[in-house]
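Structure record follows, encoded as structure tokens.
The values are calculated or read from the model by the stated rules, or taken from the named source; none is laboratory data. As the structure is a prediction and not an experimental result, all values here were calculated from the model. Cβ placement follows ideal geometry from the backbone for every residue including glycine, while neighbour counts extend to all protein chains displayed. The area values use the complete protein model at the heavy-atom level, side chains included, leaving out ligands, DNA and RNA. Shrake-Rupley method; radii C 1.70, N 1.55, O 1.52, S 1.80 Å.
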Amino acid sequence: MGSLQLEDFAAGWIGGAASVIVGHPLDTVKTRLQAGVGYGNTLSCIRMVYRRESVFGFFKGMSFPLASIAVYNSVVFGVFSNTQRFLSQHHCGEPEATAPRMLSDLLLASMVAGVVSVGLGGPVDLIKIRLQMQTQPFRDGGEHRVTVFPGPHLCM
């Protein structure tokens, strides 16, 4: 049997980080619109976030998803491909290069990766949404920061 392949974990890490950097601004707008905090439509929300918080408002709370989604994707990619590789080798007893891929192996590897994905994804998404809903900018001089969190219906 082959050893754990780390290339898949690295590919997941890079892919996860890239998806957060590109998608986080639009995800922030979507989250704000879903919370219904006085934004009329998408364009109005974009303008209001930009006016009140500058361009940095679109990236508010991105550090946690950047780290966590990269790790999350890394684990899901790695679990899927290593499980599929293990199953293929287990069925045939052949080295990886010649082991045929069976549909049942693909299905089982997808299920294992899905279980891991659900276990990691829920808490990560909850924290990400709460960070995105911080609508007041940080202030200097010892003033306290006011935050708005979504109701429980958005945290599921």
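Only one of 65, 25 is modelled with pLDDT of 90 or more and either among the hydroxyl-bearing types (Ser, Thr, Tyr) or within 14 Å of residue 132 (Cβ to Cβ) (or both); which?
Result: 25 is the single residue among 65, 25 that is modelled with pLDDT of 90 or more and either among the hydroxyl-bearing types (Ser, Thr, Tyr) or within 14 Å of residue 132 (Cβ to Cβ) (or both).
Please enumerate the residues belonging to the stretch 34-53 that are among the charged types (D, E, K, R) and open to solvent by 30 Å² or more (accessible area, probe 1.4 Å). So that I can check it myself, show each step before the final result.
To start, the set of residues in the stretch 34-53 that are among the charged types (D, E, K, R) comprises 47, 51-53.
Answer for the stretch 34-53, where residues must be among the charged types (D, E, K, R) and open to solvent by 30 Å² or more (accessible area, probe 1.4 Å): 47, 51, 52.
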